[in-house]
Amino acid sequence: MWYAEAKKIYILPFGKLPGAVIERLTDTLTETFKKEILTADEQPLPVYAYDRYRQQCYSTEILKRINDLNLDGIVLAVIDADLYVPGLNFVFGEADPENGVCIISITRLRQEFYRETPEYELFLQRTVKEAVHEIGHLYGLFHCPDPECVMHFSNTLADTDRKTERFCKICIKGVTA
Ligand SMILES: [Zn+2]
Ligand SMILES: [Zn+2]
């Protein structure tokens, strides 16, 4: 796949994002994927993908539009809006390995979303795990049975919190090969 050859990973913000999110992503992605990490220009919130009955954005629609930006590398879009695909109540993120683009939502990664006390470090860790997971899909990786591997499927945040931000011994081969 061409992503292994790509020299850059773009973080593409949709709407305003906390500076700490960009910083933590930049640090972790640099270390994990050994590529240049750049932050692309902030995009307006994707009104074209918004479903006002669900009050969520259709992530596949957003991924399609990202292709039109023609960024010369892997793209990780980040948005603070709830995402869905038809048939599911919500998704934490979605990847399109064909085109090398993926998106994560940070909305459900905050404790506040569940009326719990804010835990900023936990929120940042979850963000990083979801990002590494989606980019892992762009490298052609599938879900991993190891519950500590970042490629393990997160059905709930408990799954996300159990896994680490790292690839297991087998999955790492797909990223560094
Ligand atoms: Zn996945
Ligand atoms: Zn694994």
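The values are calculated or read from the model by the stated rules, or taken from the named source; none is laboratory data. Please read these numbers as outputs of a predicted model, since none were measured by experiment. Backbone-built Cβ (ideal geometry, glycine too); neighbour counts: all protein chains shown.
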Only listed residue being modelled with pLDDT of 95 or more and within 28 Å of residue 176 (Cα to Cα), chosen from 110, 24, 54: 24
Search result, residues across the stretch 58-71 that are within 18 Å of residue 134 (Cα to Cα) and touching a residue at least 40 places away in the same chain (Cβ under 8 Å): 59, 62, 63, 66, 71
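Residue-by-condition table, conditions (1) part of a loop (DSSP other than H, G, I, E, B); (2) farther than 19 Å from residue 100 by Cα; (3) within 9 Å of ligand 2 (Cβ to nearest atom):
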| position | (1), (2), (3) |
| --- | --- |
| 118 | yes, yes, no |
| 123 | no, yes, no |
| 126 | no, yes, no |
| 130 | no, no, no |
| 134 | no, no, no |
Residue in the stretch 35-43 that is closer than 25 Å to residue 85 by Cα and touching an Asp or Glu at 6+ places or on another chain (Cβ under 8 Å) present: no
Residue match in the stretch 102-120 (condition: within 14 Å of ligand 1 (Cβ to nearest atom), surrounded by 21 or more Cβ atoms within 10 Å (Cβ to Cβ) and over 12 Å from the mean Cα position of the chain (by Cα)): no
Criterion (in contact with a strand residue (DSSP E or B) (Cβ under 8 Å, 6 or more places away or on another chain), among the aliphatic types (A, V, I, L, M), more than 21 Å from residue 151 (Cβ to Cβ) and crowded, with 16+ Cβ neighbours inside 10 Å) met by exactly one of 6, 40, 95, 77: 40
The lone exception for residue 139 - which of (1) buried (at least 21 other Cβ atoms within 10 Å of the Cβ); (2) more than 16 Å from ligand 2 (Cβ to nearest atom); (3) among the aromatic types (Phe, Trp, Tyr) it fails: (2)
Test result for residue 169, assigned to a loop (DSSP other than H, G, I, E, B), of a type in the set (Lys, Arg) and exposed (fewer than 13 other Cβ atoms within 10 Å of the Cβ): yes
